[in-house]
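Report on the structure given below.
The values are calculated or read from the model by the stated rules, or taken from the named source; none is laboratory data. Predicted model, so just to flag it, every value in this text is computed and none were measured. Positions of Cβ are generated from backbone atoms using ideal geometry, with glycine treated the same way; all protein chains shown enter the neighbour counts. To get the accessible areas, we keep the full protein, side chains included, count just its heavy atoms, and leave off ligands, DNA and RNA. Shrake-Rupley method; radii C 1.70, N 1.55, O 1.52, S 1.80 Å.
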Amino acid sequence: MLHSIDAGILFLQEEEVIKAGALDMKMTLDAVEETYALLGKGQVLNPPKTHIAMPIGSGANWGSFFNSMPCYIGGDYNIGGTKWAAESKKNATIPGIPYGIDITILSDPETVLPFCILDGTLITAMRTSAVAGVFAKHTVPKDAATALLVGAGVIGRTMIMAVCEAVPQIKKIYLADLDLAKAEALAADYKGVYDVEIIPTADAKSVAGEADVIITETTARSPFLDKSWLKPGLTVINMGSMEADLESVKASDIIAVDYWDQIITYDSKAAAQLYKAGELTKDQVIELSEMVLGNWEGRKEANQIINCSSLGLGALDIMIGYKLFLNAQKMGLGTHVKLWDKPLWE
Ligand SMILES: NC(=O)c1ccc[n+]([C@@H]2O[C@H](COP(=O)([O-])OP(=O)(O)OC[C@H]3O[C@@H](n4cnc5c(N)ncnc54)[C@H](O)[C@@H]3O)[C@@H](O)[C@H]2O)c1
């Protein structure tokens, strides 16, 4: 099916993306499961993201990166696109700018014409936490009641939504951040929104022993979660890059990743380091696709320790962006722009 035969592009800014449903966590969780199911069935082309870290050399008082994340989703969708993703440490010091800033481009794979450009920042935050929610849904023990979320930034915010929607048996959340005021403010924002008690803390380790699932979404630059945080039956889900040390991952009974082919290309991820050291192979990990397709039988024993990690899949951004585009079209949202009235050369 052709999506576009002219050079028209619908531009959706953040406020319109919200009106189109970007903050709907249930839709996002469903879209994440659907995308990983399609990936597992071979219906998604999603090469490893291309990453550049800036600046060149050391000594600058800032550090940032760009990721280019192209993909194609086949099946009934037949859409292509890319996310241009970026994060900057400097933004943590500049009020009014998020740490991560993303833009999503949807293209018709047949004519290759772009047909929608939309703010991808909220989609990223929602789908990142939804991935952790889907991991949690498939891995936490049935009687899990307490979660520890480490990192009360943007992804920490959406993580509360994802945990409450995906694992509603969780009734207590410890929300930890080095910056206690941030954890307190976020906990206050969500007071009464879900049937859950949210307790802010600056000392994640002191409450780790109470948690059935620990989810980390920090900007830490060196691992802080070691073997002393582990207990039988625990699920650990790492969304950042430098959070759980190698020994704690190796001590886990089950290692799960979002997408093996990509995660092993990213040196800061524990799974990549273990793979490169010859200590982990693809057949030793469970991929998220296997979980959502029901090809993994789940915990064999209640006391198994499971470590999950994710690098993030461009196909999620395109899938969710496309759903928001369809909603926006129906709702008459957005600004229409054009690449050209008539192409100069063809
Ligand atoms: N896997 C994915 O698909 C994916 C996608 C987007 C972002 N991320 C990652 O999620 C992480 C969080 O992103 P964000 O946009 O929420 O950043 P943010 O700056 O909004 O929040 C990060 C928070 O982590 C806290 N923090 C840092 N080190 C900590 C530590 N050792 N203990 C406790 N708290 C600590 C900071 O104080 C801050 O509040 C980043 O590492 C980012 O790269 C992953």
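Quick check on region 193-203: of everything there that is assigned to a loop (DSSP other than H, G, I, E, B) and open to solvent by 70 Å² or more (accessible area, probe 1.4 Å), which residue is farthest from ILE214 (Cα to Cα)? Full working, then the answer.
Within region 193-203, the subset assigned to a loop (DSSP other than H, G, I, E, B) is 193-196, 202-203.
Next cut, open to solvent by 70 Å² or more (accessible area, probe 1.4 Å) only: 193, 195, 203.
Numbers: VAL193: 21, ASP195: 19, ASP203: 13 Å.
Ranking the qualifying residues of region 193-203, first place goes to VAL193.
Can you work out which of the residues in region 45-90 that are surrounded by 14 or more Cβ atoms within 10 Å (Cβ to Cβ) and polar (S, T, N, Q) is farthest from the chain's Cα centre (by Cα)? Selected residue: ASN78. Within the option set ALA86, ALA92, being out of contact with any helix residue (DSSP H, G or I) (no Cβ under 9 Å at 6 or more places or on another chain) and at pLDDT 95 or above holds for one residue only, ALA86. Candidates are the residues of region 112-161 that are open to solvent by 20 Å² or more (accessible area, probe 1.4 Å) and of a type in the set (Lys, Arg); the one that is farthest from the ligand (Cβ to nearest atom) is LYS142.
Of the strands (runs of 3 or more DSSP E) lying entirely inside region 77-174, the ones with 3 or more residues being more than 26 Å from LEU39 (Cα to Cα) and in contact (Cβ under 8 Å) with a residue 40 or more places away in the chain are found at 146-150. In region 34-61, the residues that are closer than 30 Å to MET291 by Cα form Cβ pairs under 7 Å with partners that are open to solvent by 50 Å² or more (accessible area, probe 1.4 Å) and assigned to a helix (DSSP H, G or I), at six or more places apart or across chains, as follows: GLY40/GLU290; PRO48/ASP261. Which condition breaks for VAL213 when tested against (1) surrounded by fewer than 19 Cβ atoms within 10 Å (Cβ to Cβ); (2) closer than 22 Å to MET25 by Cα; (3) not basic (Lys, Arg)? Only one criterion in (1) surrounded by fewer than 19 Cβ atoms within 10 Å (Cβ to Cβ); (2) closer than 22 Å to MET25 by Cα; (3) not basic (Lys, Arg) is unmet by VAL213, namely (1).
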